[in-house]
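The values are calculated or read from the model by the stated rules, or taken from the named source; none is laboratory data. Quantities reported herein were computed from a predicted structural model and do not represent experimental measurements. So basically every Cβ, Gly included, is an ideal-geometry build from the backbone, and we count neighbours across all protein chains shown. To get the accessible areas, we keep the full protein, side chains included, count just its heavy atoms, and leave off ligands, DNA and RNA. Shrake-Rupley method; radii C 1.70, N 1.55, O 1.52, S 1.80 Å.
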Amino acid sequence: MFSDKKAFQESFKKRLEQSYSISFQDSTRAQQFVTLSNMVREHISSEWIETNERYRKGNKQVYYLSIEFLLGRLLGQNLINLGLYETLETWLADLNIPLDELEEIEPDAALGNGGLGRLAACFLDSLASLNLPGHGCGIRYKHGLFEQKMVDGFQMELPENWLRYGYVWEVRKSDLSVDVPFWGSVDVIERKEGTKFRHVDAEYVRAVPHDMPVVGYGGETINTLRLWSAEMSTMTPMHDVLKYKRETEAISEFLYPDDSNDEGKILRLKQQYFLVSASIRSILRRFLSNGGELKELHKHVAIHINDTHPVLAIPELMRLLLDEYQLSWDEAWHITERTFAYTNHTTLSEALERWPIRIFKPLLPRIFMIVEEINERFCKRLWEEYPGEWGRIEKMAIVANGEVRMAHLAIAGSHSINGVAWLHTEILKNREMNDFYQFQPEKFNNKTNGITHRRWLLKANPELTSLLTETIGDGFQKDAAELSKLAPYADDSAFLQKLWDVKTKRKEILAKRIFEQNGVKVDPSSIFDVQVKRLHAYKRQLLNVLHILALYNKVKADSSYQMAPRTFIFGAKASPGYFYAKRIIKLIHSVADLVNNDPATKGLITVVFMENYRVSLAEDIIPAADISEQISTASKEASGTGNMKFMMNGAITMGTLDGANVEILEQTGPDNIFIFGLKAEEVMSYDKEGGYRSMDYYHHDPLIRRTLDQLVDGTLDDKGLFGVIYDSLLGENDQYFVLKDFESYRKTQEEAGRIYAEDQARWRKMMVNNISGSGIFSSDRTIKEYAKEIWNI
Ligand code: F58
């Protein structure tokens with residue numbers, strides 16, 4: 001179908017006309033998009049079947065369980081991975097169809113918030129591209145992450161609707177549905193052979209799989225992402241049909257329902273159990289139907305739990321092995337512990353999941369019994385290891401103080417626990433999970449995150465990809481490690497000029513988009529200084545915006561103050577219930593209004609907030625960046641992955657020694673990165689011992705004082721909107737050390753501006769050193785490490 005131009009064009013037109021009963025001339029871009037995508041999906045179906053057949057023959061399989069998969073758009077990426085992009089681009093152009101316009105039609109599949117979900121998507125791409133047998137299991141949320149609409153600088157959330165016109169990449173497999181039990185009680189039957197357990201009076205929810213192909217680079221391997229959707233089951237008698245339907249379908253309705261009340265908490269726990277129960281049963285079904293021996297399960301199946309959200313997979317596998325397959329506890333535990341591996345993505349205590357027993361027990365009665373038993377046996381082992389140390393055991397228990405601690409369950413039930421960057425893993429081992437590390441050090445390991453260069457370089461930045469290909473050959477497209485071949489070009493002025501031209505081109509493209517979306521004219525020759533990520537206090541968008549305000553004050557106070565013109569670009573969604581984060585978004589807008597409209601700073605400082613940050617927008621922003629803002633309070637960002645995407649696209653990191661920035665520094669060397677601020681050790685020591693007084697910085701630094709006063713003196717608004725931010729910095733002693741790091745940040749920014757303006761040769765060299773050092777951050781490297789050291793595939 002895709003090997004002959006004429007045949008392709010004929011078939012494309014014919015299918016279009018047949019599907020929509022419309023003449024080709026009258027067809028819309030949307031109809032063309034759907035037709036092309038369907039053709040691509042059919043094109044890969046034989047490889048998809050073939051991949052499954054290959055796996056049937058006994059390879060060990062990996063299943064990556066995640067409550068989020070932040071995929072973005074698939075048409076362009078699939079074509080690139082199949083090696084068809086350029087061909088189809090010309091063939092369609094012949095028909096007067098620009099391929100990029102078709103790509104724009106596709107809604108982002110935004111089944112995630114940020115880094116955690118995007119990492120899952122990058123991992124799927126790497127697994128398939130490395131021809132490894134690894135599949136995703138997730139939830140098919142009817143509405144992905146909300147659409148952000150800015151109204152007068154305030155974030156409004158609109159329901160996202162990616163399934164509105166149907167979804168071309170999925171295949172519904174009703175015949176493989178699974179019924180998941182909730183509520184009810186557990187019947188205990190004593191028999192000669194032992195005790196048996198049975199669910200009674202449960203309410204069932206039908207989990208219906210929707211499979212999506214994951215196309216590997218080169219097109220040889222097509223893995224599967226299985227997303228479950230919740231529907232009514234025929235196993236539940238219908239008393240109050242409407243209520244039952246509503247409650248059932250709610251399970252896969254929204255990503256992150258509001259869980260500030262009990263009703264929301266129950267729904268969220270339902271989502272988690274729904275995902276794992278359906279997934280584990282489908283994994284077992286497939287394993288057994290291929291003739292597998294249950295007692296050998298861990299030799300043929302590895303199950304990865306992405307953060308604690310899918311941790312109930314552990315007691316669920318136990319339940320199935322015990323209740324349905326009649327294994328003994330010891331046999332079942334032996335298999336379970338060897339099958340599971342767990343990745344931790346945060347040390348923030350508010351993000352460590354704990355479920356109140358009063359919610360957990362009635363909703364999942366049998367699972368709760370099993371968790372209690374796991375806890376009891378775990379505590380017994382601890383008691384043998386640490387006789388008499390009640391305090392320690394209580395701290396490590398899985399069930400305690402009326403709660404189930406999901407991270408502890410994950411650690412107890414997995415053979416591997418990993419952090420996502422060197423520093424993060426060290427903090428887990430030596431602080432947050434130190435008790436567990438002392439008890440079972442062999443379980444802990446680090447796997448520094450990565451990103452797929454196929455999306456973040458080949459797809460997002462075709463201009464840079466062409467330049468690199470003409471310079472170092474196309475080997476890097478398959479193997480990102482080959483980017484290191486670029487290193488010698490750091491001194492090649494002809495190459496440096498071309499690299500500069502590519503960056504300028506990408507800045508022009510972004511400038512055009514900014515003008516269209518925001519109505520703001522930005523100058524592509526200014527420094528594009530970018531911070532795009534979830535909005536969270538620890539990520540310190542506040543430090544960035546206060547620095548902008550201070551810069552504005554400097555220019556206003558001293559008209560001879562020299563600075564290279566800068567465009568500050570932000571993109572961020574705040575979680576709907578996170579009031580403080582939303583206020584920071586408003587602050588960014590207010591500062592933008594002030595500086596963009598003041599003749600004193602016009603053309604010198606421009607601030608842009610790009611609405612509705614998402615994967616497809618990131619693909620336009622990242623290639624255009626000069627400076628990559630990675631300024632979290634040291635010790636708080638587990639890894640970060642945006643930092644890697646920017647680096648690969650030739651932006652220079654402005655960062656703290658946090659997360660993977662530490663390893664980025666290792667790759668670039670100190671001359672090719674801007675590092676500032678407190679070190680993790682210092683932050684942790686202040687957190688523990690105290691000794692920081694933010695007020696001192698207010699009193700002793702006039703620039704800080706002037707800038708903070710503007711939050712409350714009417715400069716930015718006259719309704720007291722920013723009092724809460726002012727108070728967090730001064731009244732609540734600045735938990736994230738914004739003021740403490742302020743001067744160091746300001747100076748480092750000044751230095752960056754100076755180099756950009758006065759030593760452009762040096763800047764260009766820095767760009768090369770970043771690109772050439774970024775290969776190690778390909779998720780292919782990360783996945784090879786998981787495969788070898790954790791999954792044993
Ligand atoms: C992120 N976590 C980490 N969580 O913050 C980031 O450092 C890391 O690089 C990335 O994971 C991948 O390891 C993250 O994105 C969430 O989105 C939470 C999910 C659960 C609800 C609250 C947000």
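So the values come out like this:
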item	result
Radius 12 Å from Cβ of VAL555, net charge of other residues (Lys, Arg +1; Asp, Glu -1)	+2
Percent accessible area from carbon and sulfur atoms, the chain, protein chains only, probe 1.4 Å	49
Orientation-averaged projected area, Cα convex hull of the stretch 442-537 (nm²)	10.2
Relative contact order %, the chain, counting alpha carbon pairs below 8 Å whose residues are six or more apart	13
Förster radius 35 Å - calculated FRET efficiency between ASN445 and ASP152, Cβ distance, rounded to 0.05	0.10
Nearest-20 debye value, the chain charge dipole, Cβ charges on Lys, Arg, Asp, Glu	760
Given charges at Cβ of Lys, Arg, Asp, Glu: the stretch 551-694 dipole, positive-most of ALA638, MET684, TYR552	TYR552
Solvent exposure, largest accessible area first (probe 1.4 Å, DNA, RNA and ligands not counted), of LYS14, LYS554	LYS14, LYS554
Cα lying deepest toward the dipole's positive end in the chain, options ALA460, SER590, ALA250, charges on Cβ	ALA250
Cβ-based net charge around SER185, under 10 Å, with every Lys or Arg adding one and every Asp or Glu removing one	0
Largest-first principal axis extents, alpha carbons of the chain, Å	92, 75, 53
Global form of the stretch 744-793, assessed from the alpha-carbon gyration tensor, a/c cut-off 1.5	oblate
Alpha carbon centroid spacing (whole Å) that separates the stretch 89-141 from the stretch 534-589	32
Amide N of the stretch 190-222 lying under 20 Å from the label point, which is placed 7 angstrom from the Cα of MET238 along Cα→Cβ	201-208
Extension gain (nm, one decimal) between GLU249 and LYS478, 0.36 nm per residue minus Cα-Cα	78.3 nm
Chymotrypsin sites (Phe, Trp or Tyr not before Pro) lying in DSSP loop within the stretch 480-570, provided at most 14 other Cβ fall within 10 Å	TYR561
Proximal lysines relative to LYS6, as straight alpha-carbon distance under 16 Å, when same-chain residues fewer than 8 apart are discounted	LYS14
Dipole-positive endmost among TYR325, ILE783, PRO213 within the chain (Cβ charges, Cα centre)	TYR325
Exceeding the 32 Å Cα-Cα cut-off - candidates LYS57/LYS380; LYS380/LYS636; LYS149/LYS507; LYS395/LYS679	LYS57/LYS380; LYS380/LYS636
Per residue accessible area of the chain, 1.4 Å probe, in Å²	39
Test item: Cα-centred dipole of the stretch 260-340, Lys/Arg +1 and Asp/Glu -1 on Cβ, debye	280
Under 10 Å, Cβ to Cβ, from LEU721 - net charge with Lys/Arg +1 and Asp/Glu -1	+1
Stretchable slack from ASP259 to ARG354, in nm (0.36 nm times residue separation minus alpha-carbon distance)	32.9 nm
